[in-house]
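Taken together, the values in this text are just the output of simple stated rules run on the coordinates, not laboratory data. Worth saying up front: this structure is predicted, and the values here are computed from it rather than measured. Note that we place each Cβ from the backbone using ideal geometry, even for glycine, and neighbour counts take in every protein chain shown.
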Amino acid sequence: MDLLAQDINTITFQDVVEFCDQQIVESTELDYKQILPRDLTKHFAAMSNRFGGLIIGGVEEDPQTGLPSKYEGLVNDGKLIDRVHQFANNVRPLPSYHVRTTEEVGGKVFLLIRISEGGAPPYTPKNDPTVYLRTGNITTPLERADVDIVRDLYAKRASAAAERRDNVARADARLRVRLEQAGEGQRPAAPAREGAAVTAMPEPEPLLPEKLRFLTSYLQPFYPRHELTQPRAIFAKLNYLRVMYQSSRIFPSMQMQPITRGMFSFERRRQNLAFSCDQIYANGLFMHSESLARPWSDRGDDIFLAHIARNFYMTLLFGCGLYNEVGYSGLTRGALVLERASGATVQPIRPKGWRGIVFDSDLPKAIDDTYSWPIEADTHQLSDDDWVHTYFYERMREICWDLGVEDVARATMDEYIRESAFNR
């Protein structure tokens, strides 16, 4: 039995006992803890800086040999997992990890903490610049002589940031090219009968990126250095992965077409400047862009906060499904980007049943031309509905404030999620 390779969600109390019976020694990737130590934060950082690993709480090890000597579990006081989250939150940047307890046996459980190799090293305890590494079966601080190791850790983080920027730039360039192509005229329709006048379809107005107000949301692995799977494998699973809202609308589009190492869709309504574009790539980047023009309204210059909230929430949900499907576990980074916003009237999210009247002169107007709100999460957090709801609400409060809306009630946002009927 190898708990290091086993899915943490399937590990039982008896599995841990049998694993310890094998007398597996502590190592770079395995750490036994009889109780939760006061310095668990540095262990989070150390494992994140190397290869990741598994911490098992409730196992006492022999300090001389590193072998498990007593493995009876921990008293389940209902707060073990909360304390682990507190330790993890004291690491910068936030490590990628998964924590759970086994089932209870005789009033005790084993605490399991699976820590992933970090893509953003060096990881350090908050307010402590010391860099810790897991060497053998101990956690040690780096000395000055280890400056080359620290330099390599920072280089890895910088390389990840550059790779992410390049990914987004390539996808954005494809969008801009498609926008420029979208304004080409159409051929006249064929006459209904001989001698009948030819009625030409009106040419669509050019979608000039420098004049178009639109919103983009995207997410990708922290270090997208490898392809997670083949593009056609993602394509085959899209019907399963798509997010529905309001029982009929679908994210991403049903009209995806193959492109280099990914897939692409672009849809435009001829009667105005409305468009929607989706891109998904084998390295885990997906991007959704759409204009703020609305075909059923003459208020194409308004910014609707509900519009931003919808794209944000669907990005989180789709990211969770995509990364679970391709087996990616770790940090993700992305953003919501609003372009050409300056001067637009900002429409707040209204509580259910609201019937008031607000004049445009009383509504805020966007001041900045471009807004960018980062998205930061790990895949375990994206799988936690409670975390997603809280993160969504806190981020939307920030977005509202930046756009001139003082606040939005938690109850209003919860109602918005229910009314939108998101389904993944």
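For region 8-142, the number of Lys pairs separated by eight or more positions or lying on different chains, with C-alpha atoms closer than 17 Å, is 7.
Close amide H partners of residue 344, meaning residues 5 or more places away or on another chain with modelled amide H under 5 Å apart, are 366.
Taking the centroid of alpha carbons for each part, region 80-157 and region 1-29 are 19 Å apart. Taking each residue as 0.36 nm, the span from residue 148 to residue 235 lengthens on full extension beyond its C-alpha to C-alpha distance by 27.1 nm. Quick note on region 8-142: its Rg to Rh ratio, both from C-alpha atoms and Rh being the Kirkwood radius, is 0.95. With the simple spin-label model, which puts each label point 7 Å out from Cα in the Cβ direction, the residue 325 to residue 350 separation comes to 3.6 nm. Here residue 237 is the anchor, and the aspartates and glutamates within straight C-alpha reach of less than 14 Å, apart from those fewer than 8 places off in the same chain, are 325.
Computed over the Cα atoms of region 95-142, what is the convex hull's projected area averaged over all directions, in nm²?
Here the figure is 4.9 nm², rounded to one decimal.
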